[in-house]
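Working notes, structure below.
A short reminder: the numbers here are calculations on the coordinates, not readings from a lab. Worth saying up front: this structure is predicted, and the values here are computed from it rather than measured. In this analysis, Cβ positions are derived from the backbone assuming ideal geometry, glycine residues included, and neighbour counts consider all displayed protein chains.
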Amino acid sequence: MIQASYQPYIFKFKVPSGTSRGILTKKPSWFIKVWNTHSPDIVGTGEVSLIPDLSPETPAEIESKLNALILAPQLFADKLNESFAGYPAVRFGFETALLDLASGGKQELFPSEFTRGEKGIRINGLIWMGQKEQMLERITEKIDQGFSCIKIKVGAIDFNEELSLLKAIRNEFGPQTLEIKLDANGAFAKTDALEKLRFLSKHHIHSIEQPIKQGQFEAMRNLCHLTPIPIALDEGLIGIEHYRLKVEMVEYIRPQYIILKPSLIGGLHQTKIWSQIADERKIGWWVTSALEGNIGLNAIAQWTFLNGSNMPQGLGTGQVFSNNLPSSLEIRGEELWYSANRI
């Protein structure tokens, strides 16, 4: 019989991090622990990761769900998908805790060449929003570290400043040297989004994530049809639980890419379903962390190595917190590696 407990935890950003939704300084999370009554020394741990104003759940709703979970964990485990409709972060945390328990509670959920330290995962360098000079300095640091693909958050500062920044980057680093992805987090208005994409396209952009807010299906469909830059759906996947609705949304909008964030779309099993839907329709995809701490990031990275595409993944966020937990993950050049002897 499975038993469970949970513990709240507040992650603190080393540096306030800017998005189109504002400045982030801290992030609420919870750690779920599960064990079997016949072997209580083996404990599986999972992370419930919340991004305020983006995750479907509120902190109060998460705590209520976790309180229900610890009263009947076996019931929730038996009906993992149905029990967490509308609670993707809690499902992800419980699902990965169960996987960790099944693998001996050692945080090695998916043994592979990655967890043996034989191969790494290519990732992109993430550049948070800020002043132009500050962002350019951060980009130079990433390139010096060995990154050949960076993702830049756009939509929070003046658009002309962002264009000037991209021009400055391209003056220093051509498209053969540096691949640039953009992430707008829905910051553009649907009335001028296409015009902005045309300006951005002059700077040889690989793709842009979620140029307009989610839920605007017709506008996004038109944008994906006319865009000069490949569009990746990100927030647009949140809250779509049923398989039929997933398929209908993807076939209606026809994005060039989709972004998979397990703690926002309901866990690793749901991530697999989304990836299969995309593959069947020849839509590209990659996996991105949603500001999980090292427990959640570790689970996502291990799954991504076995299931992910060959594109650079968005898994380089483990260094943004000042109070992150110890981890076997480390970044070498532009790759994420697993090194068990680090803990």
Expected sort for ASP279, ASP158 with the fewest Cβ neighbours (10 Å cutoff) up front is ASP158, ASP279
Quick check for you: which residues of segment 179-194 have the amide N under 14 Å from the point 7 Å beyond the Cα of GLN216 toward its beta carbon?
184-194
Which residue fluctuates the most in the chain, going by a Gaussian network model with Cα springs under 10 Å, if the choices are GLY316, GLY266, GLY308?
GLY308
Which entry in (1) 21.2; (2) 19.5; (3) 16.4 is this structure's computed mean projected area of the Cα convex hull in nm²?
(3)
How far apart, in nanometres, would the label points at ARG244 and ASP279 be if each is projected 7 angstrom from Cα along the Cα-to-Cβ direction?
2.5
When we measure straight from the Cα of LYS27, which aspartates and glutamates land under 19 angstrom away, once same-chain ones fewer than 8 places off are left out?
GLU47, ASP53, GLU57, GLU61, GLU63, GLU235, GLU292
So for the chain: antiparallel DSSP bridges make up what percent, rounded to the nearest 5?
60
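Which whole-number percent gives the relative contact order of the chain, counting Cα pairs below 8 Å spaced six or more residues apart?
20
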Environment charge at LYS12 (Cβ cut-off 13 Å; Lys +1, Arg +1, Asp -1, Glu -1)
+3
For LYS202, give me every one of the aspartates and glutamates with a C-alpha distance below 19 angstrom, ignoring sequence neighbours fewer than eight places off in its own chain.
ASP158, GLU161, GLU162, GLU172, GLU179, ASP183, ASP192
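How high is the FRET efficiency between SER339 and ASN310 when r is their beta carbon distance and R₀ equals 30 Å, given to the nearest 0.05?
It comes to 0.85.
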Roughly what would the spin-label model give for ALA68 and LYS12, points 7 Å off Cα along C-beta, in nm?
3.4
Which ordering of HIS269, HIS242 is given by a fewest-first count of other beta-carbon atoms within 10 Å?
HIS242, HIS269
Once fully extended, how much extra length lies between ASN81 and GLU251, figured as 0.36 nm per residue of separation less the alpha-carbon to alpha-carbon distance?
58.8 nm
Placed amide H near GLY267: partners under 5 Å, 5+ positions off or other chain
PHE92
Members of LYS14/LYS65; LYS106/LYS151; LYS181/LYS272; LYS213/LYS246; LYS142/LYS213 lying beyond 25 Å, as alpha-carbon distances in this model show
LYS14/LYS65; LYS106/LYS151; LYS142/LYS213
Under 15 Å from the Cβ of GLU280, count the other residues' Cβ atoms, weight Lys and Arg +1, Asp and Glu -1, and hand me the total.
+3
In segment 72-125, what trypsin sites (Lys or Arg not before Pro) fall in a loop by DSSP, with at most 10 other Cβ atoms inside 10 Å?
LYS79
Label-point separation in nm, THR25 to HIS269, each point 7 Å along Cα→Cβ:
4.0
Could you line up SER322, SER5, SER263 from fewest to most neighbouring Cβ atoms inside 10 Å?
SER322, SER5, SER263
